[in-house]
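Read through the structure below, which is laid out as structure tokens, and then see the notes.
The values are calculated or read from the model by the stated rules, or taken from the named source; none is laboratory data. Quick caveat: nothing in here was measured; it's all calculated off a predicted structure. In this analysis, Cβ positions are derived from the backbone assuming ideal geometry, glycine residues included, and neighbour counts consider all displayed protein chains. Surface areas here come from the heavy atoms of the whole protein model, side chains and all, with no ligands, DNA or RNA. Shrake-Rupley method; radii C 1.70, N 1.55, O 1.52, S 1.80 Å.
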Amino acid sequence: MSEQPERESMEYDVLIVGAGPAGLGAAIRLRQLAKENDQDLSVCIIEKGSEVGAHILSGAVLETRALDELIPDWKTLGAPINTPVQDEEFHILTAANSIKIPNFGLPKELRNHGNFIISLGNLCRWLATQAEELGVEIYPGFAAAEILTDTHGTVIGVATGDMGIDRDGQNKPSFERGIELRAKYTLFAEGCRGSLSKVLGDRFNLRSDESPQTYGIGLKELWEVDPSVHRPGLVMHTAGWPMNLQTYGGSFLYHLNDNLVAVGFVVGLDYQNPHLSPFDEFQRFKAHPTIRPTFMGGKRIAYGARAINEGGFQSIPQLIFPGGALIGCSAGFLNVAKIKGSHTAMKSGMLAAEATFKALREGRSGDELSDYPQTLKSSWIHKELYRVRNFRPAFRYGLLAGLLYGAIDLKLFGGKLPWTLRHKHADHLSLQPAARCKSIEYPKPDGEVSFDRLSSVFLSNTNHEENQPVHLRLAQPSTAIDHNLLLYDAPEQRYCPAGVYEIVQEEGGDPRLQINAQNCVHCKTCDIKDPTQNINWTVPEGGGGPNYPNM
């Protein structure tokens, strides 16, 4: 390849990578502080999605605590938060029946009085307008592909990926060089398993003293249902079937306004059976006698999938490094017991913004924002996550033991039992060889409540320029066949919710792994679950991927 032209460069006081709740919360707080102190402060957000909200996927039931602090008059300003929780149900499912747990028997974490059912993507779109009105520059369609550092290793910004490169790495006529965005401090708000956040974790050894992060994959559909079964404001959760008693998982049904119901299913990525398919578990869940009536006669209008952090308090890494910090789900502030993380993500961004603003007022740049982890430790985030720290690890003993432990720990002792359970190992180490595990026969989609992968990906509005380098990179291509197929029956064919990975048998030849990268919905599950960590998820051209409406 010929020598590439130099990249153009842009300078800011603060650069934020990712326009989710954490990144937008940080940007808004920075500009609020600048305005309050009559100080000029340039703040820029870059977002890999084609628009703000395009890659945002969450349940979502919103606890407004952080938003109340950030924008107290959000109701007057027209935030898209319109469906208060009116009723709640929690069910334990068996294959044919449902056991409803009385609400008074649930810990407070599973109660949602005062919360709202929302589209998190739409909330982020609204937050972006608030940020821009305060003077924040937001550039969607720009994927951060490279961390920039100075000669001392200090982070000084990021570079966006080059555009217009073909599958073989050659420049097309449309080639455009990426841009360097440099800043005194860079905040990484990429969401769960961010590609650059992962690099930062390795480069600065940010996880040296913590439990490994553990994850789940969350799959979600949005339905327009028959008005006769619609219950605006209903929050329903389930545990149990179709998961076996040793596999962590559960579901949600959230009834929004306008006959819309968001339904989702989460499977812990520490599952052991390589034959398990989270996508197919989700589809057969909807056929349960308690669930199916909600969707009969309805119309499925959107689909998506996203990995979520489940490690909790003991898996939060070191948050700072020279020149920047991790915020939101890049660090992992999800409250698993509450099944909520937007409020904690936003608050972490606000706290990082306050530490950054203080540093800039003191004339600093490129050092560690030590005030951020200190103020976070004294904040309600720390108290909230510490209380539920043992909820997720307890499920290593199985569903029933985990539920019993959670009830005792949270309801009877308020999360104050004097120990902290550790996560034993990373999720990719949990798979057992296929020969030792029971195969799973999934029913064929019925086209009424259950569907196949490709029709689902179509509803995600996923689009990538096909003639570009494959962004799912194999360290050793042969490993997919010699190890994954041989020992685990190629589990990537099943844990991917979008049909990206496919074992193809060449006529008269050997099997090979085909990567249909154009289907990728950016869930990051492959990067997490691959048994040898052979798959590295990197950013495609900016603007590629899903385009989620109302998710």
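Say whether the condition of being assigned to a strand (DSSP E or B), open to solvent by less than 10 Å² (accessible area, probe 1.4 Å) and in contact with an Asp or Glu (Cβ under 8 Å, 6 or more places away or on another chain) is met by at least one residue in region 268-275.
Yes, region 268-275 contains at least one residue that is assigned to a strand (DSSP E or B), open to solvent by less than 10 Å² (accessible area, probe 1.4 Å) and in contact with an Asp or Glu (Cβ under 8 Å, 6 or more places away or on another chain).
Determine whether HIS91 is over 20 Å from ALA352 (Cβ atoms), part of a strand (DSSP E or B), open to solvent by less than 30 Å² (accessible area, probe 1.4 Å) and modelled with pLDDT of 95 or more.
Yes.
Tell me, please, whether a residue that is touching a His at 6+ places or on another chain (Cβ under 7 Å), closer than 29 Å to TYR495 by Cβ, modelled with pLDDT of 95 or more and open to solvent by 10 Å² or more (accessible area, probe 1.4 Å) can be found in region 300-323.
Checked region 300-323: no residue is touching a His at 6+ places or on another chain (Cβ under 7 Å), closer than 29 Å to TYR495 by Cβ, modelled with pLDDT of 95 or more and open to solvent by 10 Å² or more (accessible area, probe 1.4 Å).
For region 242-267, what are the residues that are open to solvent by 30 Å² or more (accessible area, probe 1.4 Å) and on the phi < 0 side of the Ramachandran plot?
ASN244, LEU245, GLN246, TYR248, ASN257, LEU260, listed by residue number.
Select, from GLY114, GLY121, the only residue that is outside any strand (DSSP E or B), touching a residue at least 12 places away in the same chain (Cβ under 8 Å) and over 21 Å from ALA26 (Cα atoms).
Just a single option satisfies the conditions, and that option is GLY114.
Could you list, in sequence order, the residues of region 482-494 that are among the hydrophobic types (A, V, I, L, M, F, W, C) and open to solvent by 30 Å² or more (accessible area, probe 1.4 Å)?
Residues satisfying the conditions are LEU485, LEU486, LEU487.
Could you tell me how many of the residues in region 450-477 are of a type in the set (S, T, N, Q), assigned to a helix (DSSP H, G or I) and touching a residue at least 60 places away in the same chain (Cβ under 8 Å)?
So the count comes out to 1.
Is it the case that some residue within region 349-369 is of a type in the set (Gly, Ala, Ser) and open to solvent by 50 Å² or more (accessible area, probe 1.4 Å)?
Yes, region 349-369 contains at least one residue that is of a type in the set (Gly, Ala, Ser) and open to solvent by 50 Å² or more (accessible area, probe 1.4 Å).
Show me the helices (runs of 4 or more DSSP H) entirely contained within region 320-400 in which 2 or more residues are among the β-branched types (Val, Ile, Thr) and touching a residue at least 60 places away in the same chain (Cβ under 8 Å).
342-361
Does ASP38 fit the bill of being in a strand (DSSP E or B) and farther than 18 Å from PHE142 by Cα?
For ASP38, the condition - in a strand (DSSP E or B) and farther than 18 Å from PHE142 by Cα - is not met.
Residues in region 495-548 that are open to solvent by 30 Å² or more (accessible area, probe 1.4 Å), polar (S, T, N, Q), over 19 Å from the mean Cα position of the chain (by Cα) and within 23 Å of SER50 (Cα to Cα): how many?
Of the residues in region 495-548, 1 are open to solvent by 30 Å² or more (accessible area, probe 1.4 Å), polar (S, T, N, Q), over 19 Å from the mean Cα position of the chain (by Cα) and within 23 Å of SER50 (Cα to Cα).
For region 412-460, give me each residue that is basic (Lys, Arg) and either more than 23 Å from ILE291 (Cβ to Cβ) or loosely packed, with under 12 Cβ neighbours inside 10 Å (or both).
Answer for region 412-460, where residues must be basic (Lys, Arg) and either more than 23 Å from ILE291 (Cβ to Cβ) or loosely packed, with under 12 Cβ neighbours inside 10 Å (or both): LYS416, ARG422, LYS424, ARG436, LYS438, LYS444.
Pick from region 390-411 the residues that are open to solvent by 60 Å² or more (accessible area, probe 1.4 Å) and of a type outside the set (Val, Ile, Thr): which of them is farthest from MET243 (Cα to Cα)?
Only one residue fits best here, namely LYS411.
Can you tell me which residue within region 208-235, out of those that are closer than 26 Å to TYR271 by Cα and over 21 Å from the mean Cα position of the chain (by Cα), is modelled with the highest pLDDT?
Here the residue is SER208.
Being buried (at least 18 other Cβ atoms within 10 Å of the Cβ) and farther than 25 Å from PRO540 by Cβ is true for just one of ASN122, ASN115. Which residue is that?
ASN115
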